[in-house]
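Let me begin by presenting the structure, written as structure tokens, before commenting on it.
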Amino acid sequence: MAAVALANGLNANLVRRWVVTEEREQHGKSIQAAAPSGPATVDHTFIPIQVERAPVSTMQEITIELRRGATSVKVALPLAAAAECTGWLRELLG
């Protein structure tokens, strides 16, 4: 799932949420959300969309920018280093 998200420029957690929502809908299970305090309600229905994939040749690098206070760190890695980038982020954020 993470590879699909990365290939389409999406957040893996968002893609997972979409899949879980669709699976629940397909099995007839609906999630009863708490009623919002205001008069408006939010529809959390999964709507599948077709995402155009950018040609791989146009994606040359992975760029990550981290900010904490006044400090900013920007890291650019070649796309071929995606697996190493994932491991590095897990270690950094874990």
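Please treat every number below as a calculation from the coordinates, not as lab data. Since the model is a prediction, treat every value here as computed from it, not as a measurement. When we count neighbours, we look across all protein chains shown, and the Cβ atoms used for this are built from the backbone with ideal geometry, even at glycine.
Take the Cβ-Cβ distance between residue 16 and residue 72 as r, set R0 to 22 Å, and report the resulting FRET efficiency rounded to the nearest 0.05. Kindly include the intermediate steps, with their values, before the conclusion.
Working: r = 29 Å, r/R0 = 1.31.
For residue 16 and residue 72, the calculated efficiency is 0.15.
Relative to a virtual label point 7 Å from the Cα of residue 3 in the Cα→beta-carbon direction, which members of segment 75-94 show backbone nitrogen distances below 14 Å?
It comes to 82-84, nothing else.
Taking the Cα centre as origin and putting +1 on Lys and Arg beta-carbons and -1 on Asp and Glu beta-carbons, what dipole magnitude results for segment 54-94, to the nearest 20 debye?
On the way: 4 positive and 4 negative charges, 39 e Å.
I would put it at about 180 debye.
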